[in-house]
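One structure below.
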Amino acid sequence: MAGRTFARAQVTERVVMLTPSHNFSSPPFALWTGGGWQTPLGTAEMDQELTSALAELPMVSVNDRPHVPEHSGEVVVPFLQYHRPDVRLSVVCITASAGLEDLLAFGRAVAEALTGCAAAESLVVASSDMS
């Protein structure tokens, strides 16, 4: 299914990837700053400008720990790289402590951050392992 979905999507150079956390209950929104993600297709670099903008959001915590035991994001990255080898990522791990109002506010804030980075074309990917 993922292959068919990405075959139809227009993968842009700038991607915000949202992943779930199965092991951490907080912070609600944990931003990855630990560098590029290595895959068999090479390294998907971090989008430094957008990651910095997301780090400024009041609901976001710079925290790599919730990302480390997860895999839902890393299985998506090769699909992105296949369609866009120069893809740059900003990755946020969302934990169970994020309520509906938090999620809505976060969505609005991400849209503003993308606008502030002059990201006319960007893609937001919400990854899940169906749990």
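The values are calculated or read from the model by the stated rules, or taken from the named source; none is laboratory data. For clarity, every value in this text was computed on a predicted model and none was experimentally measured. Here Cβ is always computed from backbone atoms with ideal geometry, including for glycine, and neighbour counts include all displayed protein chains. We work out accessible area using only protein heavy atoms, side chains counted, and drop any ligands, DNA or RNA first. Shrake-Rupley method; radii C 1.70, N 1.55, O 1.52, S 1.80 Å.
In terms of accessible area, using a 1.4 Å probe and ignoring ligands and nucleic acids, Leu41, Leu114 rank largest first as Leu41, Leu114. Over the chain, dividing the summed -39,500 (n - 2.57) contributions of all DSSP H runs of at least 4 residues by the number of residues returns a 222 nm mean residue ellipticity of -8500 deg cm²/dmol.
Dipole of the chain computed with +1 at Lys/Arg Cβ and -1 at Asp/Glu Cβ about the Cα centre; of Val110, Ser128, Ala2, farthest Cα towards the positive end is Ala2. Looking at the chain, the accessible area is 54 square angstrom per residue; that uses a 1.4 Å probe and ignores ligands, DNA and RNA. Annotation: amide H of Val62 within the under-5 Å range of Leu31, sequence separation 5 or more or interchain, hydrogens built in the peptide plane. A Cβ-based charge dipole, computed about the Cα centre of the chain with Lys and Arg at +1 and Asp and Glu at -1, lands at about 300 debye. Listed values (1) 15.4; (2) 14.7; (3) 17.4 include one computed from this model; for Kirkwood radius over Cα pairs in Å that value carries the label (2). Solvent exposure of Phe79, expressed as accessible area, is near 70 Å², computed with a probe of 1.4 Å over the protein chains only. Considering only alpha-carbon pairs that sit under 8 angstrom and 6 or more positions apart, the relative contact order computed for the chain is 44 percent.
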